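As structure tokens, the structure follows; a few thoughts come after it.
The values are calculated or read from the model by the stated rules, or taken from the named source; none is laboratory data. Please read these numbers as outputs of a predicted model, since none were measured by experiment. For neighbour counting, all protein chains shown are included, and Cβ atoms are generated from backbone atoms with ideal geometry for every residue, glycine included. We work out accessible area using only protein heavy atoms, side chains counted, and drop any ligands, DNA or RNA first. Shrake-Rupley method; radii C 1.70, N 1.55, O 1.52, S 1.80 Å.
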Amino acid sequence: MPEFSLLRAGASPLAIENDAARGDIVIVCEHASRLIPAALGGLGLDTSALESHIAWDPGALKLSRYLSSSLDALLCYQRYSRLVYDCNRPPEAASAIVGTSEIYDVPGNQNISQAERVARVDEIYLPFRDGISEILASRKAQGRETMLVTVHSFNPVYFGRKREVEIGILHDSDTRLADAILSGTEENDHKFVVMRNQPYGPADGVTHTLIEHGIANGIPNVMIEVRNDLLATADHQASVAAYLSTLIERASSTVKTGQTVG
């Protein structure tokens, strides 16, 4: 038996929905849940902290489900809180297991043993990463087209500073899908404030999943960030999902046919 077991008989970190989807899009939501395994005892945080944006991306999973339905896309999401392990970070990244997140100290992540750190990588990150890799490899073997869309939300105020951006279209070195989406916003009704690589960008280390599963496999990819006050109700989620579905569908068609953007 390992020195430290995090999940024991707990559920796999990778959850899959709409696995019979016929569309080209695979949606990944790394920060879908605020669930903390019982072995970690809440990481020393109170209820308000565990319900806040430091533990998950509020509204991101519900938005992902709307998009999965409207785009007939396979959906993969992480069952545990990013405070346990942030699956959008590689094991060597300090931000994979944070001791402090914005204004919150996370006592259960401070001074953890090497055995516990290894357990979090082995039981959370690797099964999540490897499961997505297997899905993408299977689609490739079937000769299926694939485009990767990751879905996140962000807080309207961060370290006391208000964020004006409402939807961020993020990319790393592969700009194909992001360019096509942003081109589509120029033709739209400007319903939302949409910006490139905001409120984060590659320099902030947020494009790990895009690099690991998209760029490494030559798969067009993009990260969608939505301000979480726009996802506070079912009506808001549906409205944002309808807007993004149209943009993503048009953009994926543009990229698939090799049309020039701009």
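Among the residues of the range 44-52, some residue qualifies, meaning at least one is modelled with pLDDT under 95, part of a loop (DSSP other than H, G, I, E, B), of a type in the set (Gly, Ala, Ser) and surrounded by fewer than 23 Cβ atoms within 10 Å (Cβ to Cβ).
Scanning the range 70-81 for residues that are touching a strand residue (DSSP E or B) at 6+ places or on another chain (Cβ under 9 Å) and open to solvent by 30 Å² or more (accessible area, probe 1.4 Å) turns up Asp72, Tyr77, Arg79.
Among the residues of the range 135-164, those identified as over 19 Å from Lys256 (Cα atoms), hydrophobic (A, V, I, L, M, F, W, C), in contact (Cβ under 8 Å) with a residue 12 or more places away in the chain and open to solvent by less than 80 Å² (accessible area, probe 1.4 Å) are Ile135, Val151, Phe154.
The single condition from (1) open to solvent by less than 60 Å² (accessible area, probe 1.4 Å); (2) hydrophobic (A, V, I, L, M, F, W, C); (3) within 18 Å of Cys76 (Cβ to Cβ) that Ile211 fails is (1).
The residue that is farthest from the chain's Cα centre (by Cα), counting only those in the range 87-134 that are of a type in the set (D, E, K, R) and outside any helix (DSSP H, G or I), is Asp105.
For the range 25-32, the count of residues that are open to solvent by 30 Å² or more (accessible area, probe 1.4 Å) and either at pLDDT 95 or above or under 18 Å from the mean Cα position of the chain (by Cα) (or both) is zero. Going through (1) open to solvent by 50 Å² or more (accessible area, probe 1.4 Å); (2) at pLDDT below 95; (3) more than 21 Å from Val98 (Cβ to Cβ) one by one, Gly41 falls short only on (3).
The set of residues from the range 217-245 being of a type in the set (A, V, I, L, M) and in a strand (DSSP E or B) comprises Val222, Met223, Ile224, Val226. Residues in the range 143-197 that are of a type in the set (A, V, I, L, M) and in contact with a Ser or Thr (Cβ under 6 Å, 6 or more places away or on another chain): Met147, Val151, Ala180, Val194. When restricted to residues that are open to solvent by 60 Å² or more (accessible area, probe 1.4 Å), out of contact with any helix residue (DSSP H, G or I) (no Cβ under 8 Å at 6 or more places or on another chain) and within 19 Å of Leu45 (Cβ to Cβ), the range 106-126 contains 3.
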